[in-house]
Amino acid sequence: MTIQTFIKYIGIGLALFIGLSVLGFFGFNPWRLLIELFMWMTTYVLPWIFLYFFIRFYKTYEQRQ
């Protein structure tokens, strides 16, 4: 990993931390928002991603047969 990528990840993490701190300052519970985001992702987004890669796998498997 180069130093530029490392600095980019540190910046993203710092921005998320500051954003969550600001949300907590205005009365929102940032941990609840993160948990609800995780629940939404696992309910709606991740099954479609899994389905997409499963279809790609099946198509390559079918071509090899």
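When you filter the trypsin sites (Lys or Arg not before Pro) in the chain for DSSP loop state and at most 14 other Cβ atoms inside 10 Å of their Cβ, nothing is left. Axis angle, to the nearest 10 degrees, between helix 3-25 and the longest C-alpha principal axis of the chain: 60 degrees.
Where only DSSP H runs of four or more residues are counted, the chain gives -27500 deg cm²/dmol as its mean residue ellipticity at 222 nm, each run worth -39500 (n - 2.57). For the pair the stretch 7-24 and the stretch 36-55, the centres of their Cα atoms are 25 angstrom apart. In the context of the full protein assembly, Ile18 retains an accessible surface of approximately 90 Å², using a probe radius of 1.4 Å and ignoring ligands and nucleic acids.
What FRET efficiency comes out for the pair Ser21/Val45, r = Cβ-Cβ distance, R0 = 30 Å, nearest 0.05?
Rounded to the nearest 0.05, the efficiency is 0.70.
Set against the labelled values (i) 0.98; (ii) 1.15; (iii) 1.24, Rg/Rh (Cα atoms, Kirkwood Rh) computed from this structure falls on (iii).
The values are calculated or read from the model by the stated rules, or taken from the named source; none is laboratory data. Please read these numbers as outputs of a predicted model, since none were measured by experiment. Cβ atoms come from the backbone with ideal geometry, glycine included; neighbour counts cover every protein chain shown. Surface accessibility is based on the protein's heavy atoms, side chains included, excluding ligands, DNA and RNA. Shrake-Rupley method; radii C 1.70, N 1.55, O 1.52, S 1.80 Å.
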